[in-house]
Amino acid sequence: VVAQECSRCSGFQMKTIPACGPTGFIERITCAPSQRDEYKSCRSAALEAQRFWHFVGSALGVAAAAAALVVLRQRVLDRRALEKVRKQIESI
């Protein structure tokens with residue numbers, strides 16, 4: 001039975017409870033037959049959501065920067081092509 005939902009480990013718990021190590025979050029579970037409390041490592045849904053939105057934001061930022069570079073590069077290439085055509089017409 002879950003006695004305490006998934007929560008962030010305190011500094012003291014990080015040092016004393018090995019289950020805090022992998023994720024930094026634990027949940028307390030009470031075993032029904034023995035009535036002993038055990039700790040299990042878990043993942044925080046709020047932290048996972050925050051990490052997901054950070055990833056989405058950074059991916060959008062990289063995509064926007066790449067799109068801007070493509071547009072700028074295309075303008076440079078178009079300008080060079082027009083200049084080349086203009087020089088060819090002048091030489092006739």
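Values as computed for the structure displayed
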{"read-out": "Largest-first ordering by accessible area, 1.4 Å probe, given options Ser41, Ser58", "value": "Ser58, Ser41"}
{"read-out": "Rounded accessible area per residue of the chain, 1.4 Å, Å²", "value": "81 Å²"}
{"read-out": "Among Phe52, Phe25, Phe12, residue whose mean-square fluctuation peaks in a GNM of the chain (springs only between Cα atoms under 10 Å)", "value": "Phe12"}
{"read-out": "Cα extents of the chain along the three principal axes, largest first (Å)", "value": "98, 24, 14"}
{"read-out": "Per the chain, cysteines lacking a partner by the 4.7 Å Cβ criterion", "value": "Cys31"}
{"read-out": "Carbon/sulfur fraction of accessible area - the stretch 45-91, other protein chains in place, 1.4 Å, %", "value": "69 percent"}
{"read-out": "Theoretical gain in end-to-end length, Ser91 to Leu60 [0.36 nm per residue, Cα-Cα removed]", "value": "6.5 nm"}
{"read-out": "Cα-based helix-to-principal-axis angle, 45-91 vs the chain, degrees rounded to 10", "value": "10 degrees"}
{"read-out": "Computed [θ] at 222 nm, helices only, for the chain once each DSSP H run of length n ≥ 4 contributes -39500 (n - 2.57)", "value": "-20500 deg cm²/dmol"}
{"read-out": "Whole-angstrom Cα spans of the stretch 45-91 along principal axes, big to small", "value": "69, 6, 5"}
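The values are calculated or read from the model by the stated rules, or taken from the named source; none is laboratory data. As the structure is a computational prediction, the values presented were derived from the model and not from experiment. Because the Cβ atoms are built from the backbone with ideal geometry, glycine has one as well, and the counts that use them run over all protein chains shown. What goes into the accessible areas is simple: the full protein's heavy atoms, side chains included, and nothing from ligands, DNA or RNA. Shrake-Rupley method; radii C 1.70, N 1.55, O 1.52, S 1.80 Å.
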